[in-house]
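Taken together, the values in this text are just the output of simple stated rules run on the coordinates, not laboratory data. Just so we're clear, the structure is a prediction, and the values are computed from it rather than from any experiment. Methodologically, a virtual Cβ is constructed for each residue, glycine included, from the backbone with ideal geometry; neighbour enumeration extends over all protein chains shown.
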Amino acid sequence: MLQDEYFFSGTILKPHGRIGEAIIKLNKNIPGRLSEMESVFLEIEGLLVPFFLSYAESLTSSTAIVKFEDIDTPEEIKKLIGINLFFKKVDLPQKEGNEFSWRDLIRFKIVDEMLGEIGLVNDIFFYPDNPVFQIIKHGREILIPVNEDLIQKIDPESKTVFMVLPDGLTDIFR
C-alpha cells in the first residue's frame, strides 16, 4: 500500500537552469536531509518510478533544486511538472529518541472526547500554517486541524490521537 511504504515528499514545479535541474515544492514535514537521498520515486501514470539524484540542494524551507541522473534538459523537466515525488520510508533518516513528526500519525485513530472514534488518519495535508488530518469515512472526506491545542494525548502503543474538537467542527460528522 502506497502510504505504508512511501512518504509524499513534494511536487515538481518547474525547470531550473539549462542542465535539467528542477525546482520542487517540498512537503513541509519532510526531513531536512534531501541532499542525503540517493533516489526518489515519481508518480507517473499511477505508478511510482525510481529516479536517481545527482544532487539536491534546499533553496528555502519549502523548495529545493534537484538534478536527476539521465535528465539533461529543461524540456525533459517540463514533461514532469506537477508530478508528485515520494521517498521510500526505509530510506528516510531515522529520528532520535522520542522525536516524531506529524506524518508518523498516518494510520492512527482519531478519538474525540464527545463523539468517540472519528476514523483513521488517511493522510496529512500541509496547507500554509494550517495542516489538517484527512479522514475518509463512509466515502466522505473529513479534514481536522492538526493543532496542538486540540490534541489531548497521543498514544503510540494504541496508535490513537485523543482530541477535543470544537462543537462547530464536529457538527459535520453527524
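Values as computed for the structure displayed
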{"read-out": "Kirkwood Rh, angstrom, region 2-91 [1 / mean 1/r, Cα pairs]", "value": "12.8 Å"}
{"read-out": "Rg/Rh (Cα only; Kirkwood hydrodynamic radius) as it applies to region 102-173", "value": "0.92"}
{"read-out": "Extension gain from ARG107 to GLU157, taking 0.36 nm per residue of separation minus the Cα-Cα distance", "value": "16.7 nm"}
{"read-out": "Cross-link pairs beyond the 20 Å C-alpha cut-off, checked among LYS14/LYS88; LYS25/LYS137; LYS88/LYS153; LYS137/LYS159; LYS67/LYS88", "value": "LYS14/LYS88; LYS25/LYS137; LYS88/LYS153"}
{"read-out": "Net charge dipole size for region 2-91 [Lys, Arg +1 and Asp, Glu -1 on Cβ; Debye, nearest 20]", "value": "400 debye"}
